[in-house]
Amino acid sequence: MPNSGIADAIVSLGRQALIRATDTLHDASNHALKWVPKTEALRALERSQGRAVGTLPVRCENVYGDTDSLFVKLHHVVNRNVAHDLGVYIAEEMSKENPPPVKMKYEKCYLPCILQTKKRYVGNMYEHKNDPHPTIDAKGIETIRVDQCPLTQKIMLKSLKLLFQPPHDIARVRAFVLKQWRKIEQGRIPVQDFIFCKAVKLAPGEYRSNNNPHVQVARRLTSKNPGAKPLFKERIPYLIAHGHADQMYGTKLTELAWSPDDFIESTSLRINEPYYIRHTMMAMKRMMLICGAGLGFGSVHGVHAKFDVALWMKDRSRTKNLSARIRIATRLNRTSSHRTITQYFASNICRLCGGSIANTTGTRAVLCAACASRPQTSMYQLQRHARATRLDHWKTLQVCRACSKCEETPGGREEEGVPCVTTDCSVYYGEKGAQEKSAEARYQVKAALGQLKLKE
Ligand code: SF4
Ligand SMILES: [Zn+2]
């Protein structure tokens with residue numbers, strides 16, 4: 001760093017100013033002479049305006065200081081307008097102790113606030129007096145970290161909003177998180193929410209460790225196409241998929257990481273739901289564990305919940321993801337013969353009712369004995385599903401056509417898919433998903449016709 005001496009001097013002087021400020025804050029004589037009379041005057045003013053104010057004597061405590069900033073906790077202040085005025089007053093008083101032009105400046109009021117660790121905190125921020133609505137201000141936590149997947153960011157942000165809203169009930173947060181985990185299990189979260197993005201700091205070949213999923217994905221991309229070698233600090237998107245059925249156990253995370261393009265192209269890959277549930281659980285746990293000691297239980301809606309996210313995960317009831325199982329079965333049928341017993345059982349469910357088709361003869365059977373015994377109803381249901389999925393796909397294609405105007409370009413052909421590779425677009429994943437569902441539904445109709453020995 002150029003002029004590191006000057007930088008060190010600035011940091012050192014900042015630290016000295018902070019230590020002086022903390023001493024002033026904690027000094028008992030200052031409490032009696034400065035803060036208490038000022039607070040009483042402010043409280044009297046608030047009372048005259050008909051607002052609720054605290055009654056106990058105010059105590060100021062420095063709870064966190066970082067290079068050039070100070071977090072002061074005002075005990076027994078219930079009204080944030082009082083806190084705001086007192087903050088301005090404290091900053092003015094402390095500025096008097098520093099030589100000009102050094103000044104302390106009041107910045108904002110947090111109500112409530114979670115101080116997780118050094119440089120990691122989040123709170124409901126009010127910048128001005130009488131602000132009607134707070135904004136969530138977060139530093140260093142998962143909601144704003146760019147290497148986190150949008151799923152974790154969204155779940156954490158919404159959970160914090162619920163927790164910060166009166167009555168600050170943890171049971172509401174728990175209900176929300178459990179609902180999101182259920183949605184992950186049932187495949188109701190869009191693919192782009194699962195994508196992580198991490199920057200490569202070296203060329204993919206220069207990394208010694210093999211434990212970085214994004215490096216592994218970059219290596220795979222480079223080996224396929226040397227021209228796609230990532231640049232310095234380029235962010236590599238990747239997501240975590242399930243391993244193949246015959247290598248489920250002992251698989252490294254790096255082997256489960258795939259680029260979004262590969263994931264979309266491959267019909268045998270699916271999102272690793274347990275990994276993402278665990279990942280969101282760990283992020284929530286880091287944040288919530290710190291609240292547990294002070295706040296304990298929440299009891300609105302008659303539900304008691306501890307601030308222990310690991311316990312929420314342990315106690316929750318699992319949901320059966322029938323539609324996902326049917327999709328895996330269809331993928332396995334379409335792509336390969338069954339190689340392992342796990343794959344065999346995965347494909348061994350009826351595509352209509354989810355029942356077992358073990359007793360049905362025929363290796364490519366898609367209907368159970370009960371569904372096969374009423375061919376008209378079963379075929380009608382399968383064909384109706386195929387029509388609905390085709391319509392869904394057609395609708396997403398219309399959005400893409402309006403966006404890229406593919407059919408208007410010379411050589412553009414309407415019946416072919418739109419050749420767009422914008423992986424940042426949510427419609428991109430929607431279109432690929434709808435295309436796959438439509439193909440699967442068509443395959444199921446064909447396979448059922450074959451099983452029932454009917455003609456199209
Ligand atoms: S995927 Fe998105 S960007 Fe690409 S054509 Fe469709 S709407 Fe446009
Ligand atoms: Zn059935």
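Here are a few things to note about the model shown:
- Selected residue (criterion: surrounded by the most Cβ atoms within 10 Å (Cβ to Cβ)) from residues of the stretch 185-199 that are part of a loop (DSSP other than H, G, I, E, B) and touching a Phe, Trp or Tyr at 6+ places or on another chain (Cβ under 8 Å): 195
- Any hit, the stretch 425-444, residues being touching a Lys or Arg at 6+ places or on another chain (Cβ under 7 Å) and not in a helix (DSSP H, G or I): no
- Given (1) closer than 25 Å to residue 113 by Cα; (2) surrounded by 15 or more Cβ atoms within 10 Å (Cβ to Cβ), index of the condition residue 167 fails: (2)
Rundown of residues vs (1) closer than 15 Å to residue 21 by Cα; (2) among the polar types (S, T, N, Q); (3) assigned to a loop (DSSP other than H, G, I, E, B), yes/no style:
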position	(1), (2), (3)
51	no, no, yes
56	no, no, yes
61	yes, no, no
78	no, no, yes
84	no, no, no
88	yes, no, no
92	yes, no, no
101	no, no, yes
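- In the set (1) surrounded by 15 or more Cβ atoms within 10 Å (Cβ to Cβ); (2) in contact with a strand residue (DSSP E or B) (Cβ under 6 Å, 6 or more places away or on another chain); (3) in a loop (DSSP other than H, G, I, E, B), the condition left unmet by residue 138 is number (3).
- Filter result for residue 126 (within 30 Å of residue 199 (Cβ to Cβ) and in contact with a Leu (Cβ under 8 Å, 6 or more places away or on another chain)): no
- One residue from 40, 61, 46 being exposed (fewer than 15 other Cβ atoms within 10 Å of the Cβ) and in contact with a helix residue (DSSP H, G or I) (Cβ under 8 Å, 6 or more places away or on another chain): 61
- Residue in the stretch 258-278 that is within 17 Å of residue 143 (Cα to Cα), aliphatic (A, V, I, L, M), modelled with pLDDT of 80 or more and outside the structural domain of residue 217 (by TED's automatic domain parsing) present: yes
- Positions within the stretch 336-365 being modelled with pLDDT under 80 and among the aliphatic types (A, V, I, L, M), in sequence order: 341, 346, 349, 357, 358, 365
- Between 55, 67, the distinction of being loosely packed, with under 11 Cβ neighbours inside 10 Å and touching a helix residue (DSSP H, G or I) at 6+ places or on another chain (Cβ under 6 Å) belongs to 67 only.
- Some residue of the stretch 371-384 being assigned to a loop (DSSP other than H, G, I, E, B) and either more than 27 Å from residue 434 (Cα to Cα) or modelled with pLDDT of 55 or more (or both): yes
The values are calculated or read from the model by the stated rules, or taken from the named source; none is laboratory data. This is a predicted model, so every value here is computed, not measured. Glycine also receives a Cβ, built like all others from the backbone with ideal geometry; neighbour counts cover every protein chain displayed.
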